Amino acid sequence: MFPVLRIGPLALQTPGLLILLGIWVGMILIEKFAERFSISSKRLESLTLWSLLSGVLGARLFYFLRFPQAFWANPLDILSLSPFLLDFQGGIAVALTVALIYGQKHKMPFWATLDAFTPSFAVFAVSLGLARFASGNGYGIETHLPWGVELWGAVRHPVQVYEVLLTLLIFYTVLPVRSREEISKRQNSGVLFLKFVALIAAANLFLETFRAEGVRLFGMVRAEQITAWLVLALSLWLLGRRQRVAIEIPTELKQGVDSGSKVV
Amino acid sequence: MKNLSKTDKYWNIFVFITLVLAAGWIVFTSLFFLKEENKASVAPITGFQAPDFQLNTEDGQSIRLATLQGKPVILNFWASWCLPCKSEMPALEKVHQQYVDRVVILGVNVTINDHLPVASRFLQENMITFPVVWDVEGSTTSRYGVSALPTTFFLDRYGRIQNVIIGGPMSEALLIAEVEKLSKVE
């Protein structure tokens, strides 16, 4: 656990740095892989920046709406650079809405766009695990297993380490190794993204078993595991549907496709 | 009913088995793995009971954290050489004046790494009226795992840590919002 990174007189918050690092690597991956999904990397980067910016502004707006009385004395605090004056659920809702509007406006193909983002989502999941590891949050239940770690006054499952290992494995699984032509011929759009969602849901279903924190339904079942099961079921159902639809090949690639392929 | 291809049938079987196994895992682990975390456990992190301590103010008055239960507590670790610590002091003082009935603000000066007369003069010059205790030996700072200043712990009325903010300066708005959150904890 290392919540603070000291560089001379500066004390930087490691979890925040790791999340920023995840976003930065994610942006690099967008640039690297977008073309393989027949989407302009510039367009994807622009969508990402709009979403991030609107997400931060939305998070601040929702925080203000939640605690308006906090800003009465000092209304200028609404412009504060503090990362603690943010409502994350509100920010995510605004970012997703802006992303949808942007995608619609620029006629971006829904499933192919999500596929192009998938490696970035996966690397972000790894950075979240590392951030939990750094902060000591998301700690595990007590254990007598030999690999248990001493944390918060008990020997616990190193659940943050499990999380990092699993998300790294998922990242490796969803990394597109095929060329643009291969992806277009062999895989329906949306399959990669849905595979990622299913794997993350399965990983969370497993990880939540060992996490000490969490909400319990009826005093026994973890709400997070139930949510993960529902997401897993939905993603597998959608995956089945996406695998069945005819492969959509970008117009410019149609020339190279065999006559026997399922061209829409 | 629509005829399914062989691949579709295999896929449906795979999905069915996966979901049944996943549901089985949830039930099995709920019965045999899930243990309630001991809420009385003491640790300097959100969700745990805040470590108790007893320290003196400058005028020799002894303050024990456990005796403050019944009201939310904002525990602020600071030092006079730390610029963000000094910057957030006026906001802490304002919130103390405004919410004195609803929250206790307790400053913990990390005296082991500070110069007591300088810190004391800073408090006087800035007319800080909330209680400040002196951690001369550094034992409380160490028990709270404070690795950067300022670090602020937000405790509910039962002495459980609800939030930890490392770094600063905290704005008045943030402090008021945290007081609102702490007041709602049952």
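The values are calculated or read from the model by the stated rules, or taken from the named source; none is laboratory data. Since we're looking at a predicted model, the values are computed, not measured. Cβ placement follows ideal geometry from the backbone for every residue including glycine, while neighbour counts extend to all protein chains displayed. We work out accessible area using only protein heavy atoms, side chains counted, and drop any ligands, DNA or RNA first. Shrake-Rupley method; radii C 1.70, N 1.55, O 1.52, S 1.80 Å.
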Cβ-based net charge around B:Ser120, under 12 Å, with every Lys or Arg adding one and every Asp or Glu removing one:
-3
FRET efficiency, 1/(1 + (r/R0)^6) with R0 51 Å, evaluated for B:Val42 and A:Trp72 via beta carbons
0.90
Where in chain B are the helices, taken as whole DSSP H runs, whose Cα atoms extend 15 angstrom or more along the long axis and whose Kyte-Doolittle mean reaches at least -0.5?
B:6-32, B:172-184
Heavy atoms only, probe 1.4 angstrom, no DNA, RNA or ligands counted: give me A:Arg60, A:Arg222, A:Arg43 ranked by accessible area, highest first.
A:Arg43, A:Arg60, A:Arg222
Show me you know the interface measure: the accessible area buried between B and A, both chains summed, probe 1.4 Å, in Å² to the nearest 100.
3500 Å²
Would you please classify the overall shape of the protein assembly as shown from the alpha carbon gyration tensor, given that a ≥ b ≥ c denote the square roots of the eigenvalues, rounded means a/c under 1.5, and beyond that prolate means a/b larger than b/c while oblate covers the rest?
prolate
What helix-only [θ] at 222 nm does chain A give? Using -39500 (n - 2.57) per DSSP H run of at least 4, over all residues, to the nearest 500, the answer is -19500 deg cm²/dmol
Total charge dipole magnitude, segment A:70-184, about the Cα centre, Cβ charges on Lys, Arg, Asp, Glu only, Debye to nearest 20
300 debye
Farthest positive-ward along chain B dipole, Cα basis, beta-carbon charges - from B:Val103, B:Leu21, B:Ile74:
B:Leu21
Work from the charge dipole of chain A (Cβ charges, +1 for Lys and Arg, -1 for Asp and Glu, about the Cα centre) and give the residue of A:Phe171, A:Leu61, A:Phe218 farthest towards its positive end.
A:Phe171
Within segment A:96-139, the residues whose backbone N lies under 12 Å from a label point placed 7 Å from the Cα of A:Ser40 along the Cα-to-Cβ direction are A:106-108
Among A:Asn74, A:Leu151, A:Val191, whose Cα lies farthest out toward the positive end of the dipole of the protein assembly as shown, if unit charges sit on the beta carbon of Lys, Arg (+1) and Asp, Glu (-1)?
A:Val191
Plugging the Cβ-Cβ distance of B:Gln124 and A:Val56 into 1/(1 + (r/R0)^6) at R0 = 45 Å yields, to the nearest 0.05, a FRET efficiency of 0.70
Give me the residues in segment B:120-164 whose solvent-accessible area, probe 1.4 Å, is reduced by at least 40 Å² once all protein chains are included instead of the chain isolated.
B:Ser147
What share of the DSSP beta bridges in chain B is antiparallel, in percent to the nearest 5?
60 percent
Two-site label geometry, B:Lys184 and B:Phe16: point separation in nm, points 7 Å out along Cα→Cβ:
4.6 nm
For the protein assembly as shown, accessible area per residue (1.4 Å probe, heavy atoms of protein chains only), Å²
52 Å²
Rounded, prolate or oblate: which fits segment B:54-184 when a ≥ b ≥ c are the square roots of the eigenvalues of the alpha-carbon gyration tensor, with rounded for a/c under 1.5 and prolate only if a/b beats b/c?
rounded
Treat each spin label as a single point 7 Å out from the Cα along the C-beta direction, and report the A:Val25 to A:Ser82 distance in nm.
3.1 nm
Env charge @ B:Val179, Cβ radius under 15 Å, K,R +1 / D,E -1, value -1
Any idea how far apart A:Ala93 and A:Phe2 come out in nm if each label point goes 7 Å out from Cα toward Cβ?
3.8 nm
Can you give the FRET efficiency for B:Val27 and B:Gln54, using 1/(1 + (r/R0)^6), R0 = 51 Å, r = Cβ-Cβ distance, to the nearest 0.05?
0.60
Selection of GluC sites (Glu not before Pro), segment B:88-125, meeting DSSP coil and at most 15 other Cβ within 10 Å
none
Which one, B:Asn12, B:Asn76, B:Asn56, has the greatest fluctuation when you compute a Gaussian network model over chain B with C-alpha springs under 10 angstrom?
B:Asn12
For a quick check: with amide H placed at 1.01 Å from N, whose amide H comes under 5 Å from B:Ser80's, ignoring anything fewer than 5 positions away on the same chain?
B:His115
For B:Ile105, list long-range residues whose amide hydrogen, built 1.01 Å from N in the peptide plane, is under 5 Å from its own amide hydrogen.
B:Ile74
Can you count the Lys pairs in chain A with C-alpha separation below 12 Å, eight or more apart or on different chains?
4
Accessible area of the protein assembly as shown with a 1.4 Å probe: how many percent of it is carbon plus sulfur?
65 percent
Between beta-carbons, use under 14 Å as the cut-off and find the net charge around A:Trp50, counting Lys and Arg +1, Asp and Glu -1.
+2
Which of the helices in chain A, when you take each full DSSP H run, stretch at least 18 Å along the axis at their Cα atoms and have an average Kyte-Doolittle score of 1.6 or higher?
A:14-33, A:159-174, A:191-207
Computed [θ] at 222 nm, helices only, for chain B once each DSSP H run of length n ≥ 4 contributes -39500 (n - 2.57)
-12500 deg cm²/dmol
